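A short worksheet on the structure shown next.
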Amino acid sequence: MTHDEPVPKKAPDIADEMAEPPKETASRRDWMFMVGTAVNVAAGLLLLVPLAGYVFSSFVQHKDPRDWISLGSLDDYPEKTTRLATYRNPFTRPWDGKTADIPCWVRRLSGNQFQVFAINCAHLGCPVRWFQPSGLFMCPCHGGVYYEDGSRASGPPPRGLFQYDYKVENGELWVKGGEMPTLANPV
Ligand code: FES
């Protein structure tokens, strides 16, 4: 070969190409990897939120959903009578309106001896009514009947009427009211 002859072009080395990918492709792959990792970490953290809430809720002291509320003067409740009274739920929101007025039945036995019954039936929660002539509370929904002391007489209710805690203070009757009593959470 003389100096004047053109030098043949060297064929691209396939092994070299495979060993080192182009720089641009590698950086795009890194970026996609980072995005994928970030998405997975975010999804993992989102799943942890309810789990952490469940675990830590047992350490948080729950506020009592009931409070002492005055039902008025003792003079409003003659002895040996049962009367309807209404209190304003202390845990209302402004838009609750009349639904926050909670009725209950007050039975005065004698002196400071009372029974204060939640109005909702222990079966499915319908409001029970007091019938003085028969001395019974009756539920209009499925025929549940209760004696004057609130114990179950007949029908589907599995127990007697729910009763509020009460106290007498400064000549007034007070009940611990608020959350509606249920079988799972009686007052
Ligand atoms: S709700 Fe009172 S008997 Fe069913």
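Which whole number in µm²/s is D for the range 101-151 by Stokes-Einstein, with the Kirkwood Rh taken over Cα pairs at 37 °C and 0.692 mPa s?
Values: Rh = 11.4 Å.
Reported coefficient: 288 µm²/s.
When peptides 89-102, 126-139 are ranked by their average number of other Cβ atoms within 10 Å per residue, the highest-first order is 126-139, 89-102.
The convex hull around the C-alpha trace of the range 66-178, projected and averaged over every direction, spans 7.2 square nanometres. Across the range 36-44, computed HN-Hα scalar couplings (Karplus, 6.51 cos²θ - 1.76 cosθ + 1.60, θ = phi - 60°) run x, 5, 4, 5, 5, 5, 4, 5, x Hz from first to last residue, x flagging Gly and Pro.
A simple count of charges around Cys139, restricted to other residues whose Cβ falls under 12 Å of its Cβ and scoring Lys, Arg +1 and Asp, Glu -1, yields +2. If we count every other residue with Cβ under 10 angstrom of Ala100's Cβ, Lys/Arg +1 and Asp/Glu -1, where does the sum land? Computed value for this residue: +1. Over all other residues within a Cβ to Cβ distance under 13 Å of Lys80, the charged ones net out to 0, with Lys and Arg as +1 and Asp and Glu as -1.
Rounded to the nearest whole Hz, the Karplus-based 3J(HN,Hα) values (6.51 cos²θ - 1.76 cosθ + 1.60, θ = phi - 60°) of the range 96-112 follow the sequence 6, x, 5, 5, 8, 8, 9, x, 8, 9, 10, 10, 9, 7, 6, x, 9, with x at glycine and proline.
Going by how many other beta carbons lie within 10 Å of each one, how would you line up Tyr147, Tyr87, fewest first?
By the 10 Å Cβ count, ascending, the order reads Tyr147, Tyr87.
Coordinate-derived values only; no laboratory data. Source: prediction; values computed, not measured. Virtual Cβ from ideal backbone geometry, glycine too; neighbours counted across all protein chains shown.
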